[in-house]
Amino acid sequence: MSYMQEFEAELRQQYSECTDEEVLFRWICEKVLESYRNGITAGQKGTQVIRQGKSRRRGSFGKAEE
């Protein structure tokens with residue numbers, strides 16, 4: 001299961017169980033901050049992130065490919 005699938009499952013569970021909107025927003029903020037910190041830590045270790053699929057970047061210098 002990918003990170004986003006796990007996150008979605010957790011979010012759906014939190015949403016269904018939550019009675020206070022503030023508690024839900026706090027949980028979401030904590031998860032986002034945790035993910036951000038994990039990304040910073042991975043970057044410091046020099047871990048290369050390889051994603052599958054096409055690059056969303058355009059040709060060199062931001063020009064659209066013709």
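Find all pairs meeting these conditions: Cβ atoms under 9 angstrom apart; at least six residues apart or on different chains; first residue within segment 1-19 and surrounded by 10 or more Cβ atoms within 10 Å (Cβ to Cβ); second residue not in a helix (DSSP H, G or I).
Close Cβ pairs (under 9 Å, with a partner that is not in a helix (DSSP H, G or I)) amount to ALA9/MET1.
Cβ-Cβ below 7 Å, separation at least six or inter-chain, first residue in segment 22-37 and without any contact (Cβ under 8 Å) to a residue 12 or more places away in the chain, second open to solvent by 90 Å² or more (accessible area, probe 1.4 Å) and assigned to a helix (DSSP H, G or I): which pairs?
Note: pairs meeting the criteria are LEU24/TYR15.
The values are calculated or read from the model by the stated rules, or taken from the named source; none is laboratory data. Quantities reported herein were computed from a predicted structural model and do not represent experimental measurements. So basically every Cβ, Gly included, is an ideal-geometry build from the backbone, and we count neighbours across all protein chains shown. Only protein heavy atoms, including side chains, enter the accessible area calculation; ligands, DNA and RNA are left aside. Shrake-Rupley method; radii C 1.70, N 1.55, O 1.52, S 1.80 Å.
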